[in-house]
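Engineer: My structure is below; once you've seen it, I'll send some questions.
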Amino acid sequence: MPKSIKNTNIIILKFIESNPLCSSKEIHDGLGEKIGYATVKRILQKLLAENLITTAGKGKGTKYQISQAYNLLHPINVEQYFRKEIDERIVRNTFNHSLIRETLIRVSIFSKEELEFLTNLQTQYKNNITKLSATEYNKELERLAIDLSWKSSQIEGNTYSLLETERLLKEKETAAGKTKDEAVMLLNHKAALDFIIANPSYVKTVTVSTIENIHSILIKDLGISRNIRNSIVGITGTNYKPLDNEFQIKEALEDMCIVVNEKENVFEKALLVLVLISYIQPFVDGNKRTARIISNAIFINNNFCPISFRTVDSIDYKKAMLVFYEQNNINAFKEIFINQFEFAVKTYF
């Protein structure tokens, strides 16, 4: 989207936020003559399609207001957001129970335009794999699994290169100068993916126990507790503090499972587990790794193209996640998700 158009959208959103239940004419007049009336009308229709605003009344009496999903979906300039240091940012520093129970269960995360884009990519993927033999398909799936194991581990600080990861996973040859835990982390990723591929319906219904079991595969031999934590956990780079009560953590996971299982759209399911497992932080360690595997398990169960995250910048990934923690805003992470799905379809199959 051109920067000028994006800025205009933000200007109109901010006006509606400050002046709820205004007509299109009132919005245009309130903005002065900088933006034409036809442009205002067109942008209002786009914002409606993106679930950022809603209407009250009909015809000439139509009024516009910020939607329930606005805080979740409105665009945030991530670069500008992180110009402020950690203690300068105004954040939601505690877990938001209503986010899952009241907002995510009711709203659509993707706009109509975004869903059309993703659906077209999925159609392309299905057409592509019909041209592959079983051997060719499995070869591409293995390539994606290696890339995902590498990138998912790199995001968590693993220093293996992609070539070293490939050598480890294919030939069980460890890299010089690396720790044993780094190799174990990578091997566990591959084991978790192999399990999902061999048991594609394992997450047909997402449950707390399925999440715990995938986590157990990912943290095997790493000296990490496999149970839902009952202690405080801190997150580097943010003042957001996840829940620290074991029973509340399990309840939040159960709420997440209800929302994910009730959603009909596969893309929504996959994105929700990706951000919410990370947000809830149910385990002492391995939360984001578990989220990435469960998200891909949902794709695989529904015969959708899995994603490797290979080209995502680790810092961009972490920043988008921090914005979700601090503002409960999914827009930056959703952009990463869409871009990585596109990359996977066009790269592997």
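The values are calculated or read from the model by the stated rules, or taken from the named source; none is laboratory data. None of the values given here were measured: they were computed from a predicted structure. Because the Cβ atoms are built from the backbone with ideal geometry, glycine has one as well, and the counts that use them run over all protein chains shown.
Engineer: Which of the following residues is outside the structural domain of Tyr325 (by TED's automatic domain parsing), under 23 Å from the mean Cα position of the chain (by Cα), farther than 16 Å from Thr103 by Cβ and touching a residue at least 24 places away in the same chain (Cβ under 8 Å): Leu21, Leu47?
Structural biologist: Criteria check complete, one pass: Leu47.
Engineer: If you don't mind, there's one more thing I want to ask. Looking for whichever is touching a Pro at 6+ places or on another chain (Cβ under 7 Å) and either assigned by TED's automatic domain parsing to the domain that holds Glu102 or surrounded by 18 or more Cβ atoms within 10 Å (Cβ to Cβ) (or both) here; the options are Ile12, Ile53, Ile16, Ile66. Which one fits?
Structural biologist: When all the criteria are applied, what remains is Ile66.
Engineer: Does the range 295-349 hold any residues that are among the β-branched types (Val, Ile, Thr) and outside any loop (DSSP other than H, G, I, E, B), and which are they?
Structural biologist: Of everything in the range 295-349, those that are among the β-branched types (Val, Ile, Thr) and outside any loop (DSSP other than H, G, I, E, B) turn out to be Ile298, Ile300, Ile315, Val323, Ile336, Ile338, Val345, Thr347.
Engineer: Is it the case that Arg89 is at pLDDT 90 or above, assigned to a loop (DSSP other than H, G, I, E, B) and surrounded by 13 or more Cβ atoms within 10 Å (Cβ to Cβ)?
Structural biologist: yes
Engineer: Can you name the residue in the range 252-264 that is surrounded by 16 or more Cβ atoms within 10 Å (Cβ to Cβ) and out of contact with any Lys or Arg (no Cβ under 7 Å at 6 or more places or on another chain) and, of all such residues, is farthest from Asn302 (Cα to Cα)?
Structural biologist: Of everything passing the filter in the range 252-264, Ala252 is farthest from Asn302 (Cα to Cα).
Engineer: Still on this structure, I have one more. Just need a number here: residues in the range 214-238 that are over 30 Å from Phe82 (Cα atoms) and crowded, with 17+ Cβ neighbours inside 10 Å.
Structural biologist: 7
Engineer: Additional query: Considering only residues that are basic (Lys, Arg) and either within 30 Å of Glu50 (Cβ to Cβ) or over 24 Å from the mean Cα position of the chain (by Cα) (or both), which ones fall in the range 117-172?
Structural biologist: The answer is Lys126, Lys131, Lys139, Lys151, Arg167, Lys170, Lys172.
Engineer: Within the range 21-43, can you find the residues that are among the aliphatic types (A, V, I, L, M), assigned to a loop (DSSP other than H, G, I, E, B) and under 13 Å from Thr8 (Cβ atoms)?
Structural biologist: Ile35
Engineer: Moving on. Considering the range 47-74 alone, what residues qualify as being out of contact with any strand residue (DSSP E or B) (no Cβ under 9 Å at 6 or more places or on another chain) and part of a helix (DSSP H, G or I)?
Structural biologist: Of everything in the range 47-74, those that are out of contact with any strand residue (DSSP E or B) (no Cβ under 9 Å at 6 or more places or on another chain) and part of a helix (DSSP H, G or I) turn out to be Ala49, Gly59, Lys60, Gly61, Asn71, Leu72, Leu73.
Engineer: Any residue that is under 18 Å from His215 (Cα atoms), modelled with pLDDT of 95 or more and in contact with an Asp or Glu (Cβ under 7 Å, 6 or more places away or on another chain) - is there at least one of those in the range 254-266?
Structural biologist: No, the range 254-266 has no match at all.
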